[in-house]
Amino acid sequence: MKITVVGAGAVGATCADNIARRQLAQEVVLLDIKEGLSEGKALDMFQTATLNGFDTKITGSTNDYEKTKGSEVVVITSGIPRKPGMTREELIGINAGIVKGVAENILKYSPKAIIIIVSNPMDTMTYLAFKELGLPKKRIIGMGGILDSARFKTYLSMAMNVSPNDLHGMVIGGHGDTTMIPLTRLATYNGIPVSRFLSEEKLQQVAADTMVGGATLTKLIGTSAWYAPGAAVATLVESIVRDQKRIFPCSVYLNGEYGQKDICLGVPVVIGAGGWEKIISLRLSEAEKATFAKSADAVRTMNNVLST
Ligand code: NAI
C-alpha cells in the first residue's frame, strides 16, 4: 500500500505522521511545491520510526509527481489555510486552481487512486474535483464531517464531564461555520440520548461551540488547526485501507439523496476499500431537513463562484 499526501504543511504533515504511526502503508509520499519542505519533514518523521515503532517508509518530493506513482490513496491538503477573521469560503479562488492542478498531476501517475479532499472550502473543492476529474463518484471523498464530529464529541464530553469515547454524534451538512449541522437530537452517551443529561440550552451551546470550533482555534493559534484535522484524515484513510466499513459523515456527490442533486455535501457514508460505498439515509426531523436544505443552498452559492 502506497499513500500520497499532497501539501506538507501543518495538516498534511500531521496526517502523514498519523498514517505512519498507525502503519497504514508500506510507503507514504509527502509532496509539496515548496523546495525542500517535504523532503525535510519526511526525513524528520522517518527518523521517529525506531522511536515510535513503525516501519512505514516516508519519502518527500518537491513537486515530482513520478514519486507518487501507483498510490492507492491520495490526500490533498495543498492550498492556503485561513487566517484569523477569514472564512473558509474566502479561500475559494486560490485553492480551486491548486486543487485542480494537483489532482490532474496525481491521476497521471495514480489513475486508480481514491482521492480525499481536505483543502477548503472543502465541499466546493470536492465538487470541483468530481466535476473536473471524471472519476467514479465513490473515489472522491471530502473530509470535514469527521473532524467536526470529533469536535462535537469533545464539546459534549466537556459539558457532560464524561469520556469523549463514550459519546456518539455526527455533524452533517456543509463544512462551514454556518453550514454544518451538529445532530444534537441523535447524539448519545453509550446509546442513551444526551438530552437525558444536558438541558436544551446546554445542548444548543455545544452545537454553537462546535460550529465555530475551527474559528476558535484559528483565533487562538493564529492559523488553522492541524492535530485533529490530521488525525481525522488518518482515521478516514484507515477505514479505506483496512476496509473497516466504518460510518463517517463525509462530503460526497449527491444525486437525489437527502433531497439534493449535483452537489457534494456531508452525509453519513460507509467507508471501505472501494472509497465511500454507501450513503446511510438518516430519518431527519422536519427542522433538520430544512436546515440541511439551507446548508445545501449556501454550498451551492459557493460552487457557483467556480463558474464565474
Ligand atoms: P499550510 O499552509 O500549513 O500547508 C499548505 C501546504 O500546501 C504548504 O506547505 C504549501 O507549500 C502547499 N502547496 C500550496 N500549493 C501547492 C501546490 N500547487 N502543490 C503542492 N503543494 C502546494 O496549510 P494547512 O494548515 O496544512 O491547511 C491546508 C488546507 O487544509 C487549507 O486549505 C485549510 O483550510 C484546509 N483545512 C481543512 C480542514 C478540513 O477539515 N477539511 C481542516 C483544516 C485545514
Filter segment 111-128 for residues that are more than 10 Å from the ligand (Cβ to nearest atom) and either farther than 26 Å from residue 243 by Cβ or without any contact (Cβ under 8 Å) to a residue 40 or more places away in the chain (or both); the one that is farthest from the chain's Cα centre (by Cα) is 111
Selection from segment 135-168 of residues assigned to a loop (DSSP other than H, G, I, E, B) and surrounded by fewer than 24 Cβ atoms within 10 Å (Cβ to Cβ) yields 135, 136, 161, 162, 163
Evaluate segment 28-46: report whether one residue or more is within 15 Å of the ligand (Cβ to nearest atom), surrounded by fewer than 20 Cβ atoms within 10 Å (Cβ to Cβ), without any contact (Cβ under 8 Å) to a residue 40 or more places away in the chain and polar (S, T, N, Q). no
With criteria (1) within 10 Å of the ligand (Cβ to nearest atom); (2) surrounded by fewer than 19 Cβ atoms within 10 Å (Cβ to Cβ), residue 88 comes up short on (2)
Checking 233, 206, 252 in turn, the sole residue that is in a helix (DSSP H, G or I) and either touching a strand residue (DSSP E or B) at 6+ places or on another chain (Cβ under 6 Å) or at pLDDT below 95 (or both) turns out to be 233
Can you confirm whether residue 217 is farther than 22 Å from residue 4 by Cα and outside any helix (DSSP H, G or I)?
no
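Considering only residues that are within 14 Å of residue 6 (Cα to Cα) and either more than 8 Å from the ligand (Cβ to nearest atom) or hydrophobic (A, V, I, L, M, F, W, C) (or both), which ones fall in segment 98-110?
Listed by number, the residues that qualify are 98, 99, 100, 102, 103, 104, 105, 106, 107, 109, 110.
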Scanning segment 1-27 residue by residue, those away from the ligand (no atom under 12 Å from the Cβ) and out of contact with any Phe, Trp or Tyr (no Cβ under 7 Å at 6 or more places or on another chain) turn out to be 1, 2, 3, 17, 18, 19, 22, 24, 25, 26, 27
Q. Condition test on residue 236, is it without any contact (Cβ under 8 Å) to a residue 60 or more places away in the chain and within 16 Å of the ligand (Cβ to nearest atom)?
A. no
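The values are calculated or read from the model by the stated rules, or taken from the named source; none is laboratory data. Please read these numbers as outputs of a predicted model, since none were measured by experiment. Note that we place each Cβ from the backbone using ideal geometry, even for glycine, and neighbour counts take in every protein chain shown.
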